[in-house]
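Enquirer: I have a structure here, written as structure tokens, and I will follow up with some questions on it.
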Amino acid sequence: MVKWKDRTAPIFIENDDFISQPRKRLRLRFALVFVVTLGGTWAWHDVQADPYKEIRSGQLLATSTETGSPRVFANIDNKTTIEVSGMVAHVSVEQHFRNDHDSVLEGIYVFPLPDKAAVHRMRIRIGERIIRGIVKEKAQAKALYQQAKSKGNKAALVSQHRPNLFKTNVANIPPGETIVVELDYIDLVQYQQGQFELRFPMAITPRYSPRVQQRDDRQADDPQTVEALVADQLGWSQVYAPTTSVTQANLAVNRSPAALEVSTELTVSLDTGLPLKNIESAYHNININNQNDVYWVNLDHKIKPLQKDFVLRWQAQTGKSPKAALFKQSVKDEDYVQMMLLPPQEAMTEHYLPREMIYVIDTSGSMQGQSIIQAKKSLALALDQLTEQDHFNVLNFNTSTQQLFDSSLPATSENIINAKNYINRLQAGGGTEMMTALKKSLRHSSHEERVRQVIFITDGAVSNEEELFKAIYQHLGNSRLFTVGIGSAPNTYFMRKAAEFGRGSFTHIGDVNVVHERMARLFSKLNKPLIRDITIEWPAGSDAEQYPKKIPDLYEGEPLLVNASVKEFSGLIKLRGKWQGNKSWEKTLSMGSDVNHLGIGTLWARQKIQHLLDQKVKGRPEQEVRQSVLDVALTHQLMSPYTSFIAIDQKPNPKENPALGAKPLLNAVAMPKTATRATLSLLWGGGLMLFFIILKISMNKEEDYDLDK
Amino acid sequence: MISTNKRWKPYLATILFIAGMAATADGIAIYLKAHAAQILIEQAWKESINSGQIVKPWPWADTWPVARLRAKEAGTDLYVLQGAQGSALAFGPGWMADGVEPEQRGTKLIAGHRDTHFKFLQKIKKNDVLSLINKHGTEQQYRVHSIQIIDTSKENIMIDSREEKLVLITCYPFDAIETGGPQRYIVSAVRD
């Protein structure tokens, strides 16, 4: 937890989770007491547990410990530029805040990032002071931090409070000063049922602080409650509108005119690489312009405080065959390319490839209890998904492997009932001999035209991961391996990698309550395979480094993304696969334009880092992996196990005395000596020479006198 | 009597001659150094702009050029060195650490010797234009809005670092013989 006591000192945090559990609980109890006295609702305690829960847009919060009316920074201007390339969104946020109070304040800037977003640049300007966030090698970041600290500079804390909350503190904000925050992040566009969706957090929730007396009490007993004060200043939703006069006064303070007249500009450039069917904004009025296949979307006027996030949705014109688009970003000598393959919207049922489903269930001892219950429930749901054109079989393994049928049978209702009875009788116990089960389940199918999907339900408690990966690689054939992780702490590394080698996907079920939802999501996808055995042929000599290395199949409702780094991309790429039974499918793509798409390189780098980290587990020396990861992470400014995001105040604040505005910086002592001794030296020189001449003359006269004598 | 006279006078004459020459040479050297160094500094500045690195004008220098200062009306073109310590001011005007960096926004402070580089300040008038070129090659124009003489034993120079200003500081009076006086000549210019 951040110790607010020392908040003027630089703080450096490299890990993301720093919520201290005991304190959280303590505050929670407080909240409960409070809720009861207020007669409020239970929703309170959620808010209390996470003081930033109500944050739904970028905000600068004051953390002043002074009592009295809460301090807020006026948000005076917001400018957001979003560049969408296919499914990648590069978001640049610029927010202006002002300290309208007459004292120096401390602030915390928080931004609620979308789930899959990652920040790669930050800059905060306070007058001529600049706080810059950069990604540095860990040890170097630490050294920089120490250096800043010893110089008396303020290094800012940068962290993610929870995975998707960006948070940094800003010390010493003088009165009247404007703070400009710039934040750049990369996000992925969501896709569901033919619709793309981009979400930008900008909702401003009505705020007030109805808890003046309460705050004073708490302040007395714990200096750390400053954090709780922040929560107060965030305010809650309108449901808790206060009734006492004290709180109404606070309400007035917080709803300053400045806060209501905030200007908000938002521009989206939408380059999807495909002709669009429609674009719509869920909650706001927008203007749309179309220029060279790029759609420009603006909020149609500068808006008053917004109650909703900005949500933009669009649909591509999809025919009966998959559409593809290419995007490129050039960074230095490297080109990064992203290929997006979009499945047709409502494919004919006959387009779905027939399947052979193999269900494998782990019945080893480690599955006892909740896990086996979850696994059985998942399996029962899976069986209900089968259609008559599918074939299936069920395997279970502990010390040995058993199977329901000798070979896969059609999914007739009789066969399904048999299978359900078989599953019901299963009990957990014994060892985990996964190898035999894997090999048996992956055995090459005789049905060439079928997509062979192996659903592997396990907690992944294995130790011979490497051998298993090798076995998957060797025996996969035309099968696809989908792993389903059971229990609260399955071996996710193993299952994620196994699915990757198996060209499938990994589904995690942590809780028995989500079995239905998660399995339904997996099966709605698995039911609709469209193209299998996809390969990409890059132009000759382009030296492409592609992720994922093995391309998964294309399913309805799920676009496929492939990222690659190439040397000077030019020419055509060829996509090949099998579809509609066993027919071959081919598509040729060329780069439409030379436009530089931001974020494409970053996305590739993220996948590359993941790939490198996996190599460490595979036995590549840590030192080698570290160097490779550093190369990528520093070039692309990404967080990784070897890099940290650090923000340092680049100049100490010269305005320590805020009351004056101007302050004496120079005095007689500090004044430089701005005169040379040249004049003095010349004068001395002249004087001495004059004496010399006089003396010489007198000596000559004496000489003459002597001679005369 | 006369012979004793003769004995000390040549010695005194020699001493006077040597001391007089030394003092004169010292005075001339100061001017020579001040002007000749600017040529070496010009070289370093050009290299520095090309490479983006700090380039020292000579290997043992403890300062380096950080900006270029020009005053059209006074016909002055100077390279400003890092720091306002004596070892820098001997070779060029010095960039004072109390102000912001040349590339930043805010009040910039430069000090110079009243009898060498900043002698031209006595010719500067209100509304004259000063231009400052930073290491990125960006030129900024400043217009002189005030010229003050202050006694630093009685008052301080007030600067507000929020203002975009260029302040040039030198000793006063310009033709004083003694050094180390309390008066300063302050030329303030605001960003055009």
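The values are calculated or read from the model by the stated rules, or taken from the named source; none is laboratory data. In this text, all values refer to a predicted model and were calculated from it rather than measured experimentally. A quick note on method: Cβ atoms are made from the backbone with ideal geometry, for glycine too, and the neighbour counts reach across all protein chains shown.
Enquirer: With respect to B:LYS126, determine if the residue is within 20 Å of the chain's Cα centre (by Cα) and either assigned to a loop (DSSP other than H, G, I, E, B) or within 11 Å of another protein chain (Cβ to nearest Cβ) (or both). Talk me through it step by step, then tell me what you get.
Expert: Values: within 20 Å of the chain's Cα centre (by Cα): no; either assigned to a loop (DSSP other than H, G, I, E, B) or within 11 Å of another protein chain (Cβ to nearest Cβ) (or both): yes.
Answer is no for this residue.
Enquirer: Every residue in the range B:126-157 that is of a type in the set (Gly, Ala, Ser) and at positive phi, please.
Expert: If we filter the range B:126-157 for residues that are of a type in the set (Gly, Ala, Ser), which is where we start, we get B:131, B:137, B:146, B:153.
Residue satisfying the conditions is B:GLY137 alone.
Enquirer: Still on this structure, please answer the following. Filter the range A:478-498 down to residues that are among the aliphatic types (A, V, I, L, M) and without any contact (Cβ under 8 Å) to a residue 60 or more places away in the chain and give me whichever is nearest to A:PRO548 (Cα to Cα). Spell out the reasoning first.
Expert: Step one: filter the range A:478-498 for residues among the aliphatic types (A, V, I, L, M), giving A:481, A:484, A:486, A:489, A:495, A:498.
The next check asks that each one be without any contact (Cβ under 8 Å) to a residue 60 or more places away in the chain; those that pass are A:481, A:489, A:495, A:498.
Values: A:LEU481: 15, A:ALA489: 26, A:MET495: 16, A:ALA498: 13 Å.
Going through the qualifying residues, I end up with A:ALA498.
Enquirer: Considering (1) farther than 24 Å from A:ALA678 by Cα; (2) within 14 Å of chain A (Cβ to nearest Cβ); (3) touching a helix residue (DSSP H, G or I) at 6+ places or on another chain (Cβ under 7 Å), say which one B:GLY27 fails and leave the rest.
Expert: Looking at each condition in turn, B:GLY27 falls short on (1).
Enquirer: Still on this structure, please answer the following. In the list B:SER146, B:SER153, B:SER131, which residue meets the criterion of being part of a loop (DSSP other than H, G, I, E, B) and of a type in the set (S, T, N, Q)?
Expert: Answer to the check: B:SER153.
Enquirer: Within the range A:457-468, does at least one residue satisfy the condition of being in a helix (DSSP H, G or I) and either within 25 Å of A:LEU404 (Cα to Cα) or of a type in the set (Ser, Thr, Tyr) (or both)? Step through it out loud before you land on a result.
Expert: Within the range A:457-468, the first condition is being in a helix (DSSP H, G or I), and the residues that meet it are A:465-468.
Next, from what is left, pick out any that are either within 25 Å of A:LEU404 (Cα to Cα) or of a type in the set (Ser, Thr, Tyr) (or both): A:468.
Looking through the range A:457-468, at least one residue is in a helix (DSSP H, G or I) and either within 25 Å of A:LEU404 (Cα to Cα) or of a type in the set (Ser, Thr, Tyr) (or both).
Okay, residues lined up against (1) more than 7 Å from chain A (Cβ to nearest Cβ); (2) under 21 Å from A:GLU128 (Cβ atoms); (3) not hydrophobic (A, V, I, L, M, F, W, C):
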residue: B:SER146; (1), (2), (3): yes, no, yes
residue: B:LYS154; (1), (2), (3): yes, no, yes
residue: B:GLU163; (1), (2), (3): yes, yes, yes
residue: B:ILE177; (1), (2), (3): no, no, no
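Enquirer: Of all residues in the range A:424-444, how many are touching a residue at least 40 places away in the same chain (Cβ under 8 Å), surrounded by fewer than 20 Cβ atoms within 10 Å (Cβ to Cβ) and part of a helix (DSSP H, G or I)?
Expert: Selection size over the range A:424-444: 2.
Enquirer: Only one of these conditions is not met by B:LEU40: (1) within 22 Å of the chain's Cα centre (by Cα); (2) within 14 Å of chain A (Cβ to nearest Cβ). Which number is it?
Expert: All conditions are met except number (2).
Enquirer: Given the conditions (1) part of a helix (DSSP H, G or I); (2) more than 22 Å from B:THR138 (Cβ to Cβ); (3) in contact (Cβ under 8 Å) with a residue 12 or more places away in the chain, and given that B:ILE41 satisfies all but one, which numbered condition is not satisfied?
Expert: (2)
Enquirer: Same structure, new question: Examine the range B:104-118 for a residue that is of a type outside the set (A, V, I, L, M, F, W, C), away from chain A (no Cβ under 14 Å) and not in a loop (DSSP other than H, G, I, E, B), and state whether such a residue exists.
Expert: Initially, the range B:104-118 is screened for residues of a type outside the set (A, V, I, L, M, F, W, C), giving B:104-108, B:112-117.
From the residues that got through so far, the ones that are away from chain A (no Cβ under 14 Å) too are none.
No; the residues of the range B:104-118 include none that is of a type outside the set (A, V, I, L, M, F, W, C), away from chain A (no Cβ under 14 Å) and not in a loop (DSSP other than H, G, I, E, B).
Enquirer: Here's another thing I want to ask about it. So which residues in the range B:161-183 are in contact with a Phe, Trp or Tyr (Cβ under 6 Å, 6 or more places away or on another chain) and within 17 Å of B:HIS117 (Cα to Cα), if there are any at all?
Expert: B:LEU166, B:THR170, B:TYR172
Enquirer: Same structure again: Could you list, in sequence order, the residues of the range B:45-81 that are closer than 17 Å to B:ALA111 by Cβ and surrounded by fewer than 16 Cβ atoms within 10 Å (Cβ to Cβ)?
Expert: Of everything in the range B:45-81, just one residue is closer than 17 Å to B:ALA111 by Cβ and surrounded by fewer than 16 Cβ atoms within 10 Å (Cβ to Cβ), namely B:ASP62.
Enquirer: Filter the range A:111-129 down to the residues that are farther than 26 Å from A:ALA605 by Cβ, at pLDDT below 85 and assigned to a strand (DSSP E or B) and list them by number.
Expert: So in the range A:111-129, the residues farther than 26 Å from A:ALA605 by Cβ come out as A:125-129.
From what's left, at pLDDT below 85: A:127-129.
Selection gives A:ARG129 alone.
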